[in-house]
Amino acid sequence: MKVYTRAQLALRNGQDREEIWCAYKGMIYDVSSSRLWRNGHHYEHWAGQDLTKELGDAPHTERVFERFNIIGKLQLPE
């Protein structure tokens, strides 16, 4: 599985490129197909970022990510 840096993830924010990606628990998901992620944001959340810490504030569980394809892994900081 391909590994992406935070900088590479940040480019997939729905503004710079067509891809809309976000990370959760070390995995990167393609949320481009979701109408809720149009233009790279979903309520107060922004694509191109690791949303692991933010999910606790969401009205849904992590199972929401089961709908989306995993693109790769997020590179852990050294």
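Here is a yes/no grid of residues against (1) open to solvent by less than 60 Å² (accessible area, probe 1.4 Å); (2) in contact with a Gly (Cβ under 7 Å, 6 or more places away or on another chain):
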residue: T5; (1), (2): yes, no
residue: Q8; (1), (2): no, no
residue: G26; (1), (2): yes, no
residue: S32; (1), (2): yes, no
residue: A47; (1), (2): yes, yes
residue: L55; (1), (2): yes, no
residue: F65; (1), (2): yes, no
residue: N69; (1), (2): no, no
residue: P77; (1), (2): no, no
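Residue selection: Q8 fails the criterion of being within 11 Å of the chain's Cα centre (by Cα) and under 18 Å from P77 (Cβ atoms).
The residue that is farthest from K73 (Cα to Cα), among those in the range 11-24 that are open to solvent by less than 70 Å² (accessible area, probe 1.4 Å) and charged (D, E, K, R), is E19.
The values are calculated or read from the model by the stated rules, or taken from the named source; none is laboratory data. These figures come from a predicted structure and were not determined experimentally. Glycine gets a Cβ as well: all are built from the backbone with ideal geometry, and neighbour counts include every protein chain shown. Each accessible area value is taken on the protein alone, full model and side chains, heavy atoms only, with ligands, DNA and RNA left out. Shrake-Rupley method; radii C 1.70, N 1.55, O 1.52, S 1.80 Å.
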